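Have a look at the structure below, then the notes.
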Amino acid sequence: VRELKRQVEDVGRRDRDGCCSNSRPELDTSWPFPGECDEATLSFCDEGGKLLKATICCEDRPGLNHDLSRVIRLVQAKVVRAEMTTVGGRTKSVVVMQWSGDEEQVGPLKRALKDVVENRVSRLAQGTGSKRARVFGSNSETGHGFLVG
């Protein structure tokens, strides 16, 4: 148990951005398990800016991988490596992709990944339906209810 605890502490001290070292996978020291916070991060893996690592962590749901792959296709990136870990209803996906754009073009990709994490991509793709918010469970005496958008 002590050895395991020491190893976990050692991993926590290492650089959590360990991008992609295809020749030496043991150097990829990022924590493989999903955390409690929803997040989407991007980082460049190489100095030339042609390899980009996208990491998303969120609640697991049907269609998550489809939404993620759709975003990657939209920016015309090519997946080099992908890893996914799901524990207790949460998932973490790490995708290393070959990027043809430059640093200024990363913004739209970052926003799209954030939309995937916030589960807005599938809903935006559907496009039909009322955009009006509705109040359900309203009590006529108090006027209280909950808003569904």
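Coordinate-derived values only; no laboratory data. Owing to the predicted nature of the structure, the values given are computational and were not obtained by experimental measurement. Glycine gets a Cβ as well: all are built from the backbone with ideal geometry, and neighbour counts include every protein chain shown.
Take the Cα of residue 118, step 7 Å toward its Cβ, do the same at residue 9, and the gap between the two points is 3.9 nm. A cut-off of 5 Å between modelled amide H atoms, ignoring neighbours fewer than 5 places along the same chain, links residue 80 with 96, 97, 98.
With the simple model of a label 7 Å out from the Cα in the direction of the Cβ, residue 98 to residue 78 spans 0.2 nm.
Neighbours of residue 93 by Cβ distance under 13 Å: Lys/Arg scored +1, Asp/Glu scored -1, total -1. Checking the cross-link pairs 50/114; 53/92; 53/110; 5/53 against a 18 Å limit on the alpha carbon distance flags 50/114; 5/53 as lying beyond it.
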